[in-house]
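Everything on this sheet refers to the single structure shown next.
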Amino acid sequence: MKPIRIVGASVLAALGAWLLLAVFRPPPPPAPPRAFTSSRECESCHQTVFAEWQTSWHAQAWIDPEVRTLSNDFANTDCIDCHAPRPVFETGVGKRVLPRETRRAEGVDCIACHLLPDDRIAGTIDAPAAACRPVATRDLANVELCAPCHNQHNTVDQWRASKYATPGPGYQDCLACHMPYRGGDPSKGRDHTMHGGHDMELVRRAVVLRATRVDGKATVEVENVGAGHNYPTDERSRASDLFWRPKGEETWRHLYRFRNPYRFEVDLPNTELASGATLKQTIDDPAAAGDIEVALFYKLSPYWKDPPHPDPEHEAFLVHRAELAP
């Protein structure tokens, strides 16, 4: 029979200390955030978001042929700031962005809106174990995040003056219309297609067109019912034209143009339609006494030049159309 060995007190103490360290040892410090150098590095984990962004005009901000034309191929260097910006959080929320020197073909990319100065990623949740270690950042939903670029032509100021900017049940910010929840479900995240002035469904929801007769005269109204800013807004190259013609005629007759002119067009007033406002026009023409049709057209650059094209159906998008009987 083998003798029983009794473990000494010092050995037991050492074993106990080791167990305490194993159980209560603090976790190792997290690895430093990964330095992201391209939005393509986001694709593997965020495939849906990345695919949406790729179809957006943010992604095309640098390569869009119309932008190239209007900026003289970016010889107008002021345009570079917003079409290939450094991260908004780097220059400061609400402050004018600065241009970056690299990856300009990626336009307004994931890094521009999400990269924090310490290389962490601004997100909607804290997830230190994720590859990009997102940090819940309230400013992602701040209108001031959009303002550095989208207030260059006063779009955000127009929103501030609208009913949608008033805190309460009717409050709607930029994200409500331009980055809605997928399927209206917050759990599915926001759509990164960045719906805007190129989305005709959104444009059509912004305004309504009405045609009536007042004291026997044809009267046309356009009301901004859905945009939280002027119609049209942002790019000064955009315009929306109101036309009419006697029923059966092919040639349209111009009635009114909505547009914010460039600074050098000193002889032209700003005729955009403010949020909630209504334009009313009477057609003072004997030819309007019979059956007529009226139509509202919307055009993107570079088709802004005056006078309006006599055949808008071949150069612009139809927004709304209405017929009016005698």
**Message:** Can you give me the long-range amide H partners of ALA277? Hydrogens built in the peptide plane at 1.01 Å from N, cutoff under 5 Å, separation of 5 or more residues or another chain.
**Reply:** ASN224
**Fill in**
Computed for region 39-160: size of charge dipole around the Cα centre, +1 on C-beta of each Lys and Arg, -1 on C-beta of each Asp and Glu, debye to nearest 20, value 160
**Asked** How big is region 39-160 in terms of Cα radius of gyration and Dmax, in angstroms?
**Response** 14.7, 46
**Asked** Relative contact order for region 94-206 using alpha-carbon pairs under 8 Å, separation at least 6, rounded to a whole percent?
**Response** 14
**Request:** Set the Förster radius R0 to 22 Å, insert the Cβ-Cβ distance between SER38 and ALA127 as r into 1/(1 + (r/R0)^6), and round the FRET efficiency to 0.05.
**Result:** 0.55
**Item:** Relative contact order %, the chain, counting alpha carbon pairs below 8 Å whose residues are six or more apart
**Value:** 13
**Over region 200-324, relative contact order from alpha-carbon pairs under 8 Å, at least 6 apart, %** = 32
**Residue exposure sequence - SER301, SER187 - by fewest surrounding Cβ within 10 Å** = SER187, SER301
**Over 31 Å between alpha carbons, listed pairs LYS188/LYS280; LYS95/LYS280; LYS95/LYS163; LYS163/LYS280** = LYS188/LYS280; LYS95/LYS280
**Request:** For the chain, report the convex hull volume of the alpha-carbon atoms normalised per residue, in Å³, without decimals.
**Result:** 214
**Message:** If the elastic network links every pair of Cα atoms under 10 Å, which of ALA289, ALA206, ALA227 fluctuates the most in the Gaussian network model of the chain?
**Reply:** ALA289
**Message:** Cut-off 10 angstrom, C-alpha nodes, Gaussian network model of the chain. Which of LEU140, LEU296, LEU268 fluctuates the most?
**Reply:** LEU268
**Prompt:** Just VAL97, VAL294, VAL266 to compare: in a GNM of the chain, with alpha carbon springs under 10 Å, which one fluctuates most?
**Reply:** VAL266
**Prompt:** What does the highest-first list of 116-122, 320-326, 241-247 look like by mean Cβ count within 10 Å?
**Reply:** 241-247, 116-122, 320-326
**Asked** For region 75-117, which GluC sites (Glu not before Pro) are in a loop by DSSP, counting at most 14 other Cβ atoms within 10 Å?
**Response** GLU101
**Prompt:** Put +1 on the Cβ of each Lys and Arg and -1 on the Cβ of each Asp and Glu in region 94-202; which of MET194, HIS178, GLY94 then has its Cα farthest toward the positive end of the dipole?
**Reply:** GLY94
**Prompt:** Among ARG238, ARG213, ARG160, what is the fewest-to-most ranking by other Cβ atoms within 10 Å?
**Reply:** ARG213, ARG160, ARG238
**Request:** Along Cα→Cβ, 7 Å out, is where each label goes; now give me the distance between the ones at ASP284 and GLU90 in nm to one decimal.
**Result:** 5.7
**Request:** Determine the gain in length on full extension of the stretch ARG103-SER187; use 0.36 nm per residue of separation and subtract their C-alpha separation, reporting nm with one decimal.
**Result:** 27.0 nm
**Complete:** Calculated from DSSP helices alone, with each H run of at least 4 adding -39500 (n - 2.57) and the total divided by the residues of the chain, [θ]222 nm to the nearest 500 comes to -5500 deg cm²/dmol
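Bear in mind that the values in this text are calculations on the coordinates, not laboratory data. Keep in mind the model is a prediction, meaning the values are calculated, not measured. FYI the Cβ positions are ideal-geometry reconstructions off the backbone, even for glycines, and counts take in every protein chain you see.
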